Amino acid sequence: MVTTRFMQKQKILIVDDEKDILELLEYNLEKEGYTVLKASDGEAAIALLKSNPVDMVLLDIMMPKLDGIETCRRMRDTPEGKKTYIVFLTAREEEYSELAGFEAGADDYIPKPIKPRILLSRIRAMFRRGIEHENQPEHHLKVLDLEIIRDEYLVYKNGHPISLPKKEFELLYFLAARPGKVFPREILLENIWGPDVLVVDRTIDVHIRKLREKLGDDYIQTIRGVGYKFALN
């Protein structure tokens with residue numbers, strides 16, 4: 001059964017300071033059946049997100065006033081931005097730029113020049129995986145002193161709430177639901193990001209480090225040369 005959130009017409013916010021790109025994306029997304037909102041800078045995008053929550057933000061990384069990295073951070077700090085997919089659009093292809101985007105809380109990363117068919121395929125894949133995650137049977141997980149509520153994207157440690165972006169939450173849930181089992185990075189990437197999303201292996205390391213910063217070092221254990229597991233001891 002598909003959740004209510006994904007039964008509705010999905011809404012996407014495009015943020016780019018180039019008018020031609022806004023128009024190109026708007027045309028292709030609306031033709032695909034999405035509802036589209038537009039903003040030409042980060043500050044306007046944050047204000048729009050707060051007043052009109054969306055399912056996904058397509059965010060240019062190089063913008064005046066407020067760049068995409070800082071815009072993403074501020075969006076993740078809002079209640080409306082915690083469950084929203086944030087996808088960077090950028091002409092910068094260096095690995096450090098990609099990792100900076102994931103550090104800020106991005107879910108995916110698509111290089112310019114944008115190819116509409118590839119972009120639409122990636123968007124469909126992300127929404128499809130969202131449906132798969134939300135429709136899995138076990139929604140409430142208690143392990144050690146953590147309580148994880150999947151359909152609400154909430155984590156409590158000893159009763160105290162901890163805020164996590166979507167991908168950090170999904171990574172934590174995936175590991176915590178299979179305690180003691182070791183997963184290589186490529187398996188985690190495929191299960192959390194999906195086979196259609198191309199991100200570097202270090203993306204997992206960045207998200208694990210951010211989870212440890214928020215939860216502590218005792219939950220996720222590194223198995224050198226292999227991968228990661230959720231530790232029960």
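Bear in mind that the values in this text are calculations on the coordinates, not laboratory data. Quantities reported herein were computed from a predicted structural model and do not represent experimental measurements. All Cβ positions, even for glycine, are placed from backbone atoms using ideal geometry, and neighbour counts span all protein chains on display.
How large is log10 of I(q)/I(0) for the stretch 140-230 at q = 0.22 Å⁻¹ when the intensity is taken from the Debye formula with one equal scatterer per alpha-carbon? The computed values of log10 I(q)/I(0) come out as -1.15. Under the convention that each Lys and Arg Cβ holds +1 and each Asp and Glu Cβ holds -1, the size of the dipole of the chain around its Cα centre is about 600 debye. For helix 116-134, report the angle its Cα long axis makes with the longest principal axis of the Cα atoms of the chain; keep it between 0 and 90° and round to the nearest 10°. On a 0 to 90 degree scale, this one is about 40.
Note on Asn52 and Glu186: their simple-model spin labels are 4.4 nm apart, each label 7 Å out from Cα toward Cβ.
For helix 166-176, what angle does its Cα long axis make with the longest principal axis of the chain, in degrees from 0 to 90 and rounded to 10? Tilt relative to the chain: about 20 degrees. Note on the chain: with a GNM built from Cα contacts shorter than 10 Å, the maximum mean-square fluctuation among Glu103, Glu170, Glu152 falls on Glu152. Modelled spin-label separation between His160 and Ala231, with each label point placed 7 Å from Cα along the Cα-to-Cβ direction: 2.1 nm. Highest mobility in the GNM of the chain, judged by mean-square fluctuation with C-alpha springs under 10 Å and restricted to Arg117, Arg209, Arg129, is found for Arg117.
Once you list every other residue whose beta carbon is under 13 Å from the beta carbon of Lys229, what net charge do they have if Lys and Arg are +1 and Asp and Glu are -1?
+3
Computed from Cα atoms, the angle from the helix 19-31 axis to the main principal axis of the chain rounds to 70 degrees.
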